[in-house]
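**Student:** Take this structure first; my questions come after.
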Amino acid sequence: MRCVEPWVAGPLQAFLDESSARVTLLMTSSGQVIAQDGFTRSVDVMAAAALGAAIVASTDAIAQLTGAGRYGAVLHQGTAQGLYLAPFDTRRGRWIGLVVFGPETSAGLVQLFFRDLAQALAAAEPEARPGGVLLAENFERELNASLRSLFGR
Amino acid sequence: MSLVNFAAREITCKIVYYGPGRSGKTTNLQYVFGRVPEARRGRMVSLATQGDRTLFFDFLPIELGTISGFQTRFQLYTVPGQSYYNATRKLVLQGADGVVFVADSQARRFDDNVESLQNLHENLLAQGVDVRTLPLVYQYNKQDLPADLVMTRAELDDALNFRGVPSFGADALHGSGVFETLKGISELVLRRLAAGGTAA
């Protein structure tokens, strides 16, 4: 498991233990990864986050167009595994959970424990964000060197 | 908004390539994808129509490396340029840390550039984003076409770049200007972050 913010780890671990999810991803509504478990390569996580956020955003947009307000979750039940995608509100904005699960659990259990996860995150969320010095004044030199190596220049 | 992990010392930023249809937004990402070593980029996700026109977005995550002790990642997105896809453009624009406006340098596409730029401003405004503070660069693509077909960089600057933001001439198909554009927007986004701009 990897978490951007340490306080997410406890509630997420409890969810993983209870739900038997194969892959779990928490992200912001703009597709930034908050935490993940089950992915093997970090870049695949980012693609999944971008697509998951897009599904929720487009589902919201369709709900507004059709006067449905807002849908609670998206569920795809496949033959080998299912996908559960659900937004929830936090003090830091809207977050989204993406859960891939197999026949060792069920959509109902995933949904149940995901609701618990959202509540546990709300309870664990600290008021203040950690801060600190972010980038040195001369970061441009390092940025240029990184981009040049990236493009083989 | 940028996501900063102080514990793991990681920064993730979202860059959106915006502009009229067929101006070369996807071509920019394809060039970056083809040029960057596999270990430092993810898979490129393209949600496109059968005719390869962008339907929802293209997405390419790249690892810039360590900057000021932070492992820095950029997520590059494109929007669909065709005017009737505005609903999806709005969704992709959400949470952008910086925008590259890819204009088509062909004189006959000038009105499309203006329309798309106005659309960008409208969509940012609708999301409560102050256009004057969002990192933005212009890329004038297709500068390789015959001179009688295209507007020069100076002419396009005069006509479109009234805020005087950084601008770059480009031939994205062959890679000219793609690196410079990415470097330009990266600097602006990170400079804003360093100055205490947005971090989720």
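**Student:** Taking Rh as the Kirkwood radius, which is the inverse of the mean 1/r over Cα pairs, what is the Rg/Rh value for region A:1-104?
**Tutor:** 0.96
**Student:** Counting alpha carbon pairs within less than 8 Å and at least 6 residues apart, what relative contact order, in whole percent, applies to chain A?
**Tutor:** 24
**Student:** List the residues whose amide H sits under 5 Å from the amide H of B:L136, counting only those 5 or more places along or on another chain, with H placed 1.01 Å from N in the peptide plane.
**Tutor:** Under 5 Å from the amide H of B:L136 lie the amide H atoms of B:V99, each far enough along the sequence or on another chain.
**Student:** Among all helices in chain A defined by DSSP H, which have a length of 27 Å or more along the axis from Cα atoms plus a Kyte-Doolittle mean of at least -1.0?
**Tutor:** A:42-65
**Student:** Counting other C-beta atoms within 10 Å, and keeping those with at most 16, which DSSP coil trypsin sites (Lys or Arg not before Pro) do you find in region A:19-117?
**Tutor:** Counting only loop positions with at most 16 other Cβ atoms within 10 Å, the trypsin sites (Lys or Arg not before Pro) in region A:19-117 are A:R22, A:R41, A:R70, A:R91, A:R92.
**Student:** Can I ask one more? For chain B, with only Lys/Arg (+1) and Asp/Glu (-1) charged at the beta-carbon, what is the dipole magnitude about the Cα centre, in debye rounded to 20?
**Tutor:** 580
**Student:** Could you please tell me the mean projected area of the C-alpha convex hull for the protein assembly as shown, averaged over all directions and given in square nanometres to one decimal?
**Tutor:** If I average the Cα hull's projected area over directions, I get 18.2 nm².
**Student:** Within region B:20-107, which trypsin sites (Lys or Arg not before Pro) sit in a loop by DSSP and count at most 16 neighbouring Cβ atoms inside 10 Å?
**Tutor:** Qualifying residues, ordered by number: B:R43, B:R53.
**Student:** Rank the residues A:S146, B:S83 as a footprinting-exposure proxy: fewest other Cβ atoms within 10 Å of their Cβ go first.
**Tutor:** If I rank by nearby Cβ atoms, fewest first, I get B:S83, A:S146.
**Student:** A further question on this structure: Considering only region B:92-200, what is the antiparallel percent among its DSSP beta bridges, to the nearest 5?
**Tutor:** Of all bridge pairs located within region B:92-200, approximately 20 percent are antiparallel.
**Student:** How large is ³J(HN,Hα) for each residue in region B:86-96, as worked out from phi by the Karplus curve 6.51 cos²θ - 1.76 cosθ + 1.60 (θ = phi - 60°), to whole Hz, x for Gly and Pro?
**Tutor:** Result, rounded to whole Hz: 5, 4, 6, 4, 4, 5, 5, 6, 4, x, 5.
**Student:** Taking all pairs of distinct Cα atoms, average 1/r, flip it, and tell me the Kirkwood hydrodynamic radius of region A:71-110 in Å to one decimal place.
**Tutor:** 10.9
**Student:** Using only the alpha carbon atoms of region B:53-144, find the Kirkwood hydrodynamic radius as the inverse mean reciprocal pair distance, in angstroms to one decimal.
**Tutor:** By the Kirkwood definition, the hydrodynamic radius is 14.6 Å.
**Student:** Just rank A:I96, B:I185, A:I55, fewest to most, by other beta-carbon atoms within 10 angstrom.
**Tutor:** A:I55, A:I96, B:I185
**Student:** Within a 10 angstrom radius of the beta carbon, how do A:F88, A:F114 rank from fewest other beta carbons to most?
**Tutor:** Ordered by Cβ neighbours within 10 Å, fewest first: A:F88, A:F114.
**Student:** Something else now. Given charges of +1 on the Cβ of Lys and Arg and -1 on the Cβ of Asp and Glu, with all other atoms neutral, how large is the dipole of region B:21-132 about its Cα centre, in debye to the nearest 20?
**Tutor:** 240
**Student:** To continue, here is another question. Of B:A107, B:F168, B:I62, whose Cα points farthest to the positive end of the dipole of region B:51-200 (charges on the beta-carbon: +1 Lys, Arg; -1 Asp, Glu; origin at the Cα centre)?
**Tutor:** Of the listed residues, the answer is B:I62.
**Student:** Need one number: % antiparallel among DSSP beta bridges in region B:1-100, to the nearest 5.
**Tutor:** Given both bridge residues lie in region B:1-100, the antiparallel proportion sits at roughly 60 percent.
**Student:** Work out the charge dipole of chain A with +1 on the Cβ of Lys and Arg and -1 on the Cβ of Asp and Glu about the Cα centre, then indicate which of A:A21, A:N144, A:L117 is farthest towards its positive end.
**Tutor:** Among A:A21, A:N144, A:L117, the one farthest towards the positive end of the dipole of chain A is A:N144.
**Student:** Next up: With both bridge residues required to lie in the protein assembly as shown, what share of the DSSP beta bridges run antiparallel, to the nearest 5%?
**Tutor:** Bridges in the protein assembly as shown are about 65 percent antiparallel.
**Student:** Could you size up the charge dipole of the protein assembly as shown around its Cα centre, putting +1 on the beta carbon of Lys and Arg and -1 on that of Asp and Glu, and report it in debye to the nearest 20?
**Tutor:** That gives the protein assembly as shown a dipole magnitude of about 220 debye.
**Student:** Peptides B:148-156, B:122-130: what's the order by average Cβ count within 10 Å, highest mean first?
**Tutor:** B:148-156, B:122-130
**Student:** To continue, here is another question. Using only alpha carbon positions, build the gyration tensor of chain B, then give the equivalent ellipsoid semi-axes as the square roots of 5 times its eigenvalues, largest first, whole angstrom.
**Tutor:** Taking √(5λ) for each Cα gyration eigenvalue gives 26, 18, 17 Å.
**Student:** 5 Å is the cut-off here: which amide hydrogens, built 1.01 Å from N in the peptide plane, fall below it relative to B:Q82, excluding neighbours closer than 5 in sequence?
**Tutor:** B:G21
**Student:** Another question about this same structure. Using helices alone, what [θ] at 222 nm do you get for chain B, with -39,500 (n - 2.57) per DSSP H run of 4 or more residues, divided over all residues and rounded to the nearest 500?
**Tutor:** -9500 deg cm²/dmol
**Student:** Turning to a different aspect of this structure: In square nanometres, what is one fourth of the surface area of the convex hull spanned by the alpha carbons of region B:1-118?
**Tutor:** Computed as one quarter of the Cα hull surface, the answer is 8.2 nm².
Every number in this text was worked out from the coordinates using simple rules, so none of it is lab data. Just so it is clear, the model here is predicted, and its values are computed rather than measured. Ideal geometry is used to build each Cβ from the backbone, glycine not excepted, and the neighbour counts take in all protein chains shown.
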